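Asker: Structure incoming, see below.
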Amino acid sequence: MKASYIILLVVIAVAVAIIFSSTGSASEYVDFAQAEKLAQEGDNEMVHVVGSLVKDASGQYVGMSYNPGIDPNHFEFILKDTKGREQKVLYFQPKPQDFEKAEQIVIIGHAKAGVFVANKILMKCPSKYEDKEIKI
Amino acid sequence: MNLLIGDYGHLCVIISFFAALLASYGYFEAAKENQLNNKSWLVFSRIAFAIHALSVFGIVATLFAIIYTHRYEYHYAWSHSSNHLPVYYMISCFWEGQEGSFLLWIFWHAILGIILIKVNNKWEAPVMSIFMLVQAFLASMIIGVVIPYLNTKIGSSPFILMKESMPDLPVFQMRPDFIAEDGNGLNPLLQNYWMVIHPPTLFLGFALTIVPFAYCMAGMWKGWTKEWIRPALPWALLGGVVLGTGIMMGAYWAYETLNFGGYWNWDPVENAVYIPWLILIAAIHLMISYKNSGTALRAAVIMVTLAFLLVLYATFLTRSGVLGNSSVHSFTDLGLSGQLGLYLITFTVLAAILIIRAWSSMEDTQKESSVYSREFWMFIGVAFLSLASFQVLIMTSMPVFNMIAGWFGIDLAAAPPSSPETFYSYWQMGFAFFIAILSGMGQFFWWKKIDSKQLWDALYLPIILSLCFTTLIILLGVLDAYKGEEINMYVKIGYILLIAASLFSIFSNIMIFVKVIKNNYRLTGGAIAHIGMAMMFIGILFSAGYSKIVSLNTTGLLYSKEFSEDVNRDNLLLFRDTPEKMKDLQLVYKGQRIEVKGYGGYVNKDWIFPTEDPYKVILRKDIKEKEVVVFHKGDTLETNPENTFYEVAYIKETGDTFKLFPRIQQNPKMGSVVSPDIKHFATRDLYSHLSAIPLNPDERDWSPVETYSIKLNDTIFINDYVCVFKHVDVLHAVPGVNLGENDFSIVAHLMLLGENGQAYPIHPNLVILADQGASGAIPEMNEELGVKISLEKVKPESDEFVFSVQTCQKDYIIIKAIEKPGINILWIGTLMVIIGLAMAMFRRYREFVAMRDKGQEIA
């Protein structure tokens, strides 16, 4: 067998391994119900949940609390997922900048003990690129 | 409202598009063989190109004029600029918007086209025909024309008016000629000097990948299937240098400006450029391999083509909105994704047809490379580079797979990996290990094939040296220096292997360098670039793998015990002037600072009065520089109200101190940006940033107003601090207030005593406008103590002064500090790669020129 065929086989084998590893490592977009189900099944993989913040009638955010004087690494809030389910989210980091301005929030983490523990928070602020308001 | 300038710009866009098409067609005719009028077609195409280039410069000039003169009737100027934007950032407006970045790309193409016409003789017509076809496609991205009947928009013009872009704004119904007074402003992230040079460099790199592609396609088309390599090689090397530099500039910008704690985040936008760069480097190696020994021609053709197509794919990924949720900083969709997709497909098909036609004429001259040949090992290196690129490509393309699956009604819902750092890094580390070894070995097959005996003679020294140094590093405990989270044993073994391989590459390339430089220093580019690359591996390994959070919060209370393994203590709360311990350092938050025009340092925010114009402040104290007063009390100074710096003093146990000024940039329209400040040491960086935005004084929870009526020398308690009413003055001039002849101001001097016995003077004013019978209190706040006092009234009948007092929590910041060891090795390595590639480029360009001047361009 020629050396070039062996190389080709190895390259193909690595490429296949890459594809498997990618599909295996890719996270998933789920809602809170699915996240809870995954956690109950013992699946510790982190998932993505897309949602938005919850406001009460007077425009106040419900369940949001950050008291840096007590613990600067503890922030909690309530997120409503795309199915409309509201869930308490814990985030062991300071409150992200411009958190309230986010139109959409993606949290990455896992469900645990009745809450969702987020390791990362991504915020979509469309205003950053396209501001539709104009000052007159 | 000036409509003419926009019409002029739009006209230039349309001319540039059609001139590009005409030039491409003209060059196509001129490239045909056995045609009598080749010469006149060539002249025609050059004129068309000249018109094209001039109109491109016209577009750039017009757009800049619109931004520079603040013509907010134009949407582009309004959405990307503002009245207070300095001129050097106006250039950045070009790449904040999509249209502007396409324009930048087109601009670079026009410049490159001029050079290509100048340096080539025989190649000009076929190369420029392909080149201008790409250019016409690019120009169509900003043409902004709606095709009648079909109702399809082609391109998005940078010259549309506000009225056209937002016709639904209510103001246009009332006042059709309305022009906004100020623009929306430039994204604060782009207001950074790196952002002035990084995007143009990156786009030049993009533009450069098309040159080898155009040579390659011209070669396929004209049957010069191997001759294209020589003229294309210097361009491919230049592309590799510029694109690589652009990527690393972006990395450095991210390190310095963003707060994600590093220089590389595996964000899809970063990956999108990394993928074609790796392929371009692979293509360069194959081209060199073909030049040396006539092997791997087909592979070189495929790689050069892929590098260009992947640049198009990168544009498609970042510009079409397909990345959606997976990236924080991709552009929004302008409705051009279809056009971009079409562009990508057209050139893929065109390239495939030309390559397949020429395939059989590209037989390798040598059937099988020996295991002891340089080409054999180069080829394996190329395979690893391609696999490294493929690995990033697959994961970055997940949103595309989601989209394609969506067309068939399948909801894939695949998201990017939850910890991209480890997912990408472990794979890339494996590839880096092999690439480092191969780059050390391949270089030894310098002139000819050698046998196993000679190979061992050449290799034993670098192998022994690298093993010795690796052992030394292990024994010195450098790899255990991390005291935070325990490093997994397998990961550590991986680190050791990568260090050994990188050291091997460094030592063997140094040997090559020493050998080659005696003969001809011009040939040392390869060795320098490979040493640089291996240094980058080591620098990345230490700065990323051993980056350490030093701001561990060891005093804070824990909210919830049940989540103990999830909880982190990475961030520290600092009250102003209250020292906190952090590792072997003591941290003291000193207060807020601003920058003023004409003064190099930072100015204490407590020493200034704000005015009605947020860009102007009045000084309350003399500012000195080296004991010389630069600005006087009462001077009005210019500042940028968006920026606040937070002075933090780092006091070492040994006594020496340094200060860092992490910044927060608050833009009311676009949100806030947190930027770190970095202290550079020879062996490491200390990187620190605020991890939460401090609340503005008016956003804090102030207590209800308490009123005190007191006499001189009375004492009250505010926020548990003793406050003494010292004395009263009458002033006839107050900074920032216009006082009439009979007007005056009463200022009360109070003294607050802090916890550590420090005294804080505080003087609220009461301005009496005698002629108008009015008065106004100017309260004073001490942010450090969280106290606001205003003098409300004077009661002459009882000698009493009425003060109103409010209190809130003391001023504090939350800070995160990270140590990055060995990061300078990364930057030095980067510079060496750039120098090495540039040297190789000049060498190959001289080869091309020498052959051209002999009249052997196609030989």
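The values are calculated or read from the model by the stated rules, or taken from the named source; none is laboratory data. Everything numeric in this text was worked out from a predicted model, so none of it was measured. Counting neighbours? That spans all protein chains shown, and the Cβs are built from the backbone with ideal geometry, glycine included.
Asker: Look through segment B:497-510, keep the residues that are more than 31 Å from the chain's Cα centre (by Cα) and within 15 Å of B:Cys468 (Cβ to Cβ), and return whichever of them is surrounded by the fewest Cβ atoms within 10 Å (Cβ to Cβ).
Answerer: B:Ile510
Asker: Here's another thing I want to ask about it. Quick one: would you say B:Phe433 is in contact with a helix residue (DSSP H, G or I) (Cβ under 8 Å, 6 or more places away or on another chain), surrounded by fewer than 22 Cβ atoms within 10 Å (Cβ to Cβ), aromatic (Phe, Trp, Tyr) and under 17 Å from B:Met536 (Cβ atoms)?
Answerer: Values: in contact with a helix residue (DSSP H, G or I) (Cβ under 8 Å, 6 or more places away or on another chain): yes; surrounded by fewer than 22 Cβ atoms within 10 Å (Cβ to Cβ): yes; aromatic (Phe, Trp, Tyr): yes; under 17 Å from B:Met536 (Cβ atoms): yes.
Spelling it out, B:Phe433 is indeed in contact with a helix residue (DSSP H, G or I) (Cβ under 8 Å, 6 or more places away or on another chain), surrounded by fewer than 22 Cβ atoms within 10 Å (Cβ to Cβ), aromatic (Phe, Trp, Tyr) and under 17 Å from B:Met536 (Cβ atoms).
Asker: Oh, and also: Look at B:Val630 and say whether it is without any contact (Cβ under 8 Å) to a residue 40 or more places away in the chain and in a strand (DSSP E or B).
Answerer: In short, yes.
Asker: Let me ask something additional. Mind checking which residues of segment B:488-498 are assigned to a helix (DSSP H, G or I) and either in contact with a helix residue (DSSP H, G or I) (Cβ under 7 Å, 6 or more places away or on another chain) or modelled with pLDDT under 90 (or both)?
Answerer: Hits for segment B:488-498 are B:Met489, B:Tyr490, B:Val491, B:Lys492, B:Gly494, B:Tyr495, B:Ile496, B:Leu497, B:Leu498.
Asker: Considering each of B:Tyr650, B:Tyr760, B:Tyr721, B:Tyr687 in turn, give the residue that is within 44 Å of the chain's Cα centre (by Cα) and more than 30 Å from B:Ile549 (Cα to Cα).
Answerer: It is B:Tyr760.
Asker: Can you name the condition, by its number, that B:Lys581 falls short on among (1) within 11 Å of chain A (Cβ to nearest Cβ); (2) modelled with pLDDT under 85?
Answerer: Answer for B:Lys581: the failing condition is (1).
Asker: Out of the residues in segment B:666-688 that are charged (D, E, K, R) and in contact (Cβ under 8 Å) with a residue 60 or more places away in the chain, state the one that is nearest to the other protein chains (Cβ to nearest Cβ).
Answerer: My answer is B:Lys669.
Asker: Check B:Trp41, B:Trp78 and return the single one that is surrounded by 24 or more Cβ atoms within 10 Å (Cβ to Cβ), in the same structural domain as B:Leu161 (by TED's automatic domain parsing) and either at pLDDT below 95 or in a loop (DSSP other than H, G, I, E, B) (or both).
Answerer: Exactly one residue qualifies, and that residue is B:Trp78.
Asker: Quick one: in segment A:80-112, of everything that is within 13 Å of A:Ala35 (Cα to Cα), touching a helix residue (DSSP H, G or I) at 6+ places or on another chain (Cβ under 7 Å) and not in a loop (DSSP other than H, G, I, E, B), which residue is farthest from the other protein chains (Cβ to nearest Cβ)?
Answerer: A:Gln87
Asker: Among the residues of segment B:348-365, is there at least one that is modelled with pLDDT under 80 and either under 29 Å from the mean Cα position of the chain (by Cα) or within 11 Å of another protein chain (Cβ to nearest Cβ) (or both)? It would help to see each step written out before you state the result.
Answerer: Here is the first cut: in segment B:348-365, the residues modelled with pLDDT under 80 are B:363-365.
Retained after the next criterion (residues that are either under 29 Å from the mean Cα position of the chain (by Cα) or within 11 Å of another protein chain (Cβ to nearest Cβ) (or both)): B:364.
So far as segment B:348-365 goes, yes, one or more of its residues are modelled with pLDDT under 80 and either under 29 Å from the mean Cα position of the chain (by Cα) or within 11 Å of another protein chain (Cβ to nearest Cβ) (or both).
Asker: Can you tell me which of B:Glu783, B:Glu755 is buried (at least 18 other Cβ atoms within 10 Å of the Cβ) and under 30 Å from B:Val550 (Cα atoms)?
Answerer: B:Glu783
Asker: Right, another one. Which one of these is modelled with pLDDT under 85 and of a type outside the set (D, E, K, R): B:Ala458, B:Ala436, B:Ala432, B:Ala501?
Answerer: The conditions single out B:Ala458.
Asker: With the requirement that a residue be outside any loop (DSSP other than H, G, I, E, B), within 14 Å of another protein chain (Cβ to nearest Cβ) and within 30 Å of the chain's Cα centre (by Cα), what does segment B:141-188 give you?
Answerer: B:Leu161, B:Met162, B:Ser165, B:Pro188
Asker: Another question about this same structure. Condition check: within 12 Å of another protein chain (Cβ to nearest Cβ), of a type outside the set (Asp, Glu), in contact with an Asp or Glu (Cβ under 9 Å, 6 or more places away or on another chain) and surrounded by 13 or more Cβ atoms within 10 Å (Cβ to Cβ). Does A:His48 satisfy that?
Answerer: yes
Asker: All but one of (1) out of contact with any Phe, Trp or Tyr (no Cβ under 9 Å at 6 or more places or on another chain); (2) modelled with pLDDT under 85; (3) within 12 Å of chain B (Cβ to nearest Cβ) hold for A:Gly69; state the number of the condition that does not hold.
Answerer: (1)
Asker: Also, quick follow-up: Check off (1) at pLDDT 80 or above; (2) facing chain B (nearest Cβ under 8 Å) for A:Gln60 and give me the number that stays unchecked.
Answerer: (2)
Asker: Still on this structure, please answer the following. Please enumerate the residues belonging to segment B:567-619 that are under 28 Å from B:His632 (Cα atoms) and either assigned by TED's automatic domain parsing to the domain that holds B:Leu85 or of a type in the set (Lys, Arg) (or both).
Answerer: Residues of segment B:567-619 that are under 28 Å from B:His632 (Cα atoms), as a first pass: B:576-577, B:589-619.
The answer is B:Arg576, B:Lys590, B:Arg593, B:Lys597, B:Lys605, B:Lys616.
Asker: B:Gly477 passes all but one of (1) on the phi > 0 side of the Ramachandran plot; (2) within 14 Å of chain A (Cβ to nearest Cβ); which number fails?
Answerer: (2)
Asker: Identify, from the list B:Ile828, B:Ile778, the residue that is modelled with pLDDT of 90 or more and among the hydrophobic types (A, V, I, L, M, F, W, C).
Answerer: B:Ile828
Asker: Assuming B:Asn742 fulfils every condition listed in (1) on the phi > 0 side of the Ramachandran plot; (2) polar (S, T, N, Q); (3) out of contact with any Lys or Arg (no Cβ under 9 Å at 6 or more places or on another chain) apart from one, which condition is it?
Answerer: Every condition holds for B:Asn742 apart from (1).
Asker: Which of the strands (runs of 3 or more DSSP E) found entirely inside segment B:662-772 contain at least 1 residues meeting this: in contact with a Cys (Cβ under 7 Å, 6 or more places away or on another chain)?
Answerer: Strands (runs of 3 or more DSSP E) meeting the threshold: B:671-675, B:715-718, B:744-753.
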